[in-house]
Amino acid sequence: MGDQNTDNSAAASGKRRHATLFSNRFAFILAAAASAIGLGNLWRFPSLAAKYGGGAFLLVYLILVVTFGFTLMLAELAIGRKTGKSAIDAFRSFGKRYAIIGVLTALVPVIITPYYCVIGGWISKYLVVYLTGGGAGTADGGGFFSGFIASSGEPVLWTALFIVLVMLVVGIGLEKGIEKLNSIVMPVLLLFVIGISIYALTIPGALDGLAYYLIPRLEDFSIATVVAAMGQLFFSLSLAMGIMITYGSYTSKETNLEKSVRQIEIGDTALALLCGLMIIPAVFAFSGAEGAQQAGPGLLFITMPQVFATLPFSTALGAVFFFAVFFAALTSAISLAEAIVSFVMDRLGFSRRKAALMVFVGVLLLAIPPTLGFSDWGNATLTIGSADMTILDIMDFLSNSILMPLVALLVCLFVGYWVGPAFVKDEVEATGGVHFKAMTLFRVMIRYIAPAFLLIILISSVLNATGIIAL
Ligand code: PHE
């Protein structure tokens with residue numbers, strides 16, 4: 001039926017397309033969720049929420065998810081399904097001048113994958129420490145963690161190991177197998193996150209953290225909160241980097257896009273909220289309000305061991321927890337790396353293995369600076385606006401606060417004005433009997449609110465980076 005269009009272009013775009021269509025909507029949602037659920041939820045969301053005012057951040061984030069997140073994800077999936085192509089070719093198929101949007105899109109995973117793998121390496125280290133019985137030693141309030149990331153060779157080795165694993169899966173094409181395993185590991189992760197969240201609230205002092213996390217305070221709202229929440233939204237929902245375009249291209253016309261987007265969003269956001277609940281009250285209990293604000297990227301690694309240390313069977317619990325986190329990180333890293341590999345295959349006509357090898361070398365080289373940024377190159381912090389940033393922070397800022405808002409802005413202009421919002425309506429309604437319920441919201445968002453907002457975000461990020469304003 002409607003699959004024909006996708007199948008034809010699939011054949012045309014060559015080798016990569018052996019990945020073919022998702023068998024049903026459930027398979028598609030699972031794969032998209034595996035990409036979306038990862039360190040964004042477990043590591044990035046709680047530390048940003050802790051840093052940017054708790055309740056204020058949460059509120060802004062939630063509003064953005066149901067408006068921006070919905071609009072952008074739907075637009076990307078529709079572009080993918082309509083064209084049956086991945087980002088560069090998808091945009092190009094509308095006219096040569098649009099190809100630049102695809103190229104910028106392709107750049108995003110090139111920046112994110114290396115530093116994502118650095119954190120993946122930290123997780124691997126913690127997993128092995130817990131598996132070998134040394135978990136208790138990590139619960140010392142940060143000394144172990146800072147010592148580890150500041151050491152010279154070790155974090156590089158763990159990062160390299162993580163990259164090898166990711167690229168092996170992508171190079172051999174084992175994603176399907178991993179996704180099957182994932183459907184067992186993810187429920188375990190969810191159970192853990194729920195269980196620990198409930199337990200953490202019973203730790204003395206945790207309720208202050210709960211109040212901080214859930215109650216928005218006016219003085220905590222600022223442009224910085226909005227910029228951070230917006231960057232997090234792109235990161236967590238795997239938006240503005242071509243991934244959802246590619247997933248859309250694998251999706252058949254039978255899949256109800258609007259409903260799928262809602263489900264992916266709800267799943268990803270619910271998990272992020274729970275991760276905040278698991279970590280933020282606990283940080284307050286162990287290190288008070290200042291601890292929460294200063295923690296930064298170490299929060300997950302410092303607080304979680306402290307929580308486990310207060311429990312019986314802490315080593316076993318910690319091992320299962322870090323295993324589940326490791327898996328979530330691995331599946332997301334695979335989807336990031338897959339995006340780069342498929343661009344290389346499409347553009348240079350390389351075989352999967354050759355492309356994977358090339359991407360492996362590239363990602364490894366690019367991952368070394370952010371890893372060493374915490375040790376040998378520790379002085380390499382750059383002052384951006386008012387903040388001292390490590391190399392990892394800079395890469396994160398470049399992708400989430402500059403490049404992704406830019407890509408998202410171009411996607412809005414593309415859909416809102418160049419091809420027109422009716423394009424998305426038609427694509428949603430290509431599924432038999434489906435009526436696009438949120439068309440009015442979509443139209444207003446994609447044409448007016450989203451572009452205006454993204455422009456403000458982008459300008460303030462750039463002004464902040466150049467030191468003209470301090471966010
Ligand atoms: N969304 C993933 C996470 O939350 C990260 C990711 C981004 C994965 C982009 C793939 C593509 O961890």
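The values are calculated or read from the model by the stated rules, or taken from the named source; none is laboratory data. Treat the numbers as computed from the prediction; the structure is a model and nothing was measured. No Cβ is skipped: glycine too gets one built from the backbone with ideal geometry, and neighbour counts run over all protein chains shown. With ligands, DNA and RNA removed, areas are computed over all heavy atoms of the protein, side chains included. Shrake-Rupley method; radii C 1.70, N 1.55, O 1.52, S 1.80 Å.
Brief remarks on what is shown
- Single residue of segment 320-345 satisfying the filter (β-branched (Val, Ile, Thr) and farther than 27 Å from residue 126 by Cβ) that is most open to solvent (accessible area, probe 1.4 Å): 344
- Cβ pairs under 9 Å, 6+ apart, first in segment 277-303 and touching a residue at least 40 places away in the same chain (Cβ under 8 Å), second outside any helix (DSSP H, G or I) and among the charged types (D, E, K, R): 302/140
- Hey, residue 110 open to solvent by 10 Å² or more (accessible area, probe 1.4 Å), more than 16 Å from the ligand (Cβ to nearest atom) and either within 17 Å of residue 329 (Cα to Cα) or within 23 Å of the chain's Cα centre (by Cα) (or both) or not: no
- For segment 407-425, the candidate set comprises residues that are without any contact (Cβ under 8 Å) to a residue 60 or more places away in the chain and assigned to a helix (DSSP H, G or I); within that set, the residue that is nearest to the chain's Cα centre (by Cα) is 409.
- Residue list for segment 295-313, filter: surrounded by fewer than 22 Cβ atoms within 10 Å (Cβ to Cβ) and part of a loop (DSSP other than H, G, I, E, B): 310, 311, 312, 313
- Lone unmet requirement of (1) surrounded by fewer than 13 Cβ atoms within 10 Å (Cβ to Cβ); (2) modelled with pLDDT under 95; (3) more than 30 Å from residue 350 (Cα to Cα) for residue 198: (2)
- Unique residue being touching a residue at least 60 places away in the same chain (Cβ under 8 Å), in contact with a Leu (Cβ under 8 Å, 6 or more places away or on another chain) and closer than 24 Å to residue 331 by Cα when the list is 37, 101, 29: 37
- Residue 185 vs. criteria at pLDDT below 95 and either in contact with a Pro (Cβ under 9 Å, 6 or more places away or on another chain) or more than 20 Å from residue 49 (Cα to Cα) (or both): yes
- Leading residue by the ranking (nearest to the chain's Cα centre (by Cα)) among those in segment 208-246 that are more than 9 Å from the ligand (Cβ to nearest atom) and among the aromatic types (Phe, Trp, Tyr): 213
- If only residues of segment 113-138 that are in contact with a helix residue (DSSP H, G or I) (Cβ under 7 Å, 6 or more places away or on another chain) and more than 30 Å from residue 341 (Cα to Cα) are counted, the one that is most open to solvent (accessible area, probe 1.4 Å) is 131.
- Among the criteria (1) open to solvent by 10 Å² or more (accessible area, probe 1.4 Å); (2) over 17 Å from the mean Cα position of the chain (by Cα); (3) within 16 Å of the ligand (Cβ to nearest atom), the one residue 80 does not fulfil is (1).
- Checklist (1) of a type in the set (A, V, I, L, M); (2) within 15 Å of the ligand (Cβ to nearest atom); (3) open to solvent by less than 10 Å² (accessible area, probe 1.4 Å) applied to residue 75, failing item: (2)
- Of the residues making up segment 247-284, those that are away from the ligand (no atom under 14 Å from the Cβ), open to solvent by 30 Å² or more (accessible area, probe 1.4 Å) and outside any loop (DSSP other than H, G, I, E, B) number 5.
- Checked across segment 26-42, the condition of being at pLDDT 85 or above, open to solvent by 10 Å² or more (accessible area, probe 1.4 Å), in a loop (DSSP other than H, G, I, E, B) and within 16 Å of the ligand (Cβ to nearest atom) holds for at least one residue.
- Consider segment 139-155 and keep the residues that are modelled with pLDDT of 90 or more and open to solvent by less than 40 Å² (accessible area, probe 1.4 Å). The one that is farthest from residue 112 (Cα to Cα) is 139.
- Members of segment 346-362 found to be surrounded by fewer than 24 Cβ atoms within 10 Å (Cβ to Cβ) and in a helix (DSSP H, G or I), listed by number: 346, 347, 348, 352, 353, 354, 357, 358, 360, 361, 362
- Residues satisfying the stated conditions in segment 74-92, i.e. part of a helix (DSSP H, G or I) and hydroxyl-bearing (Ser, Thr, Tyr): 83
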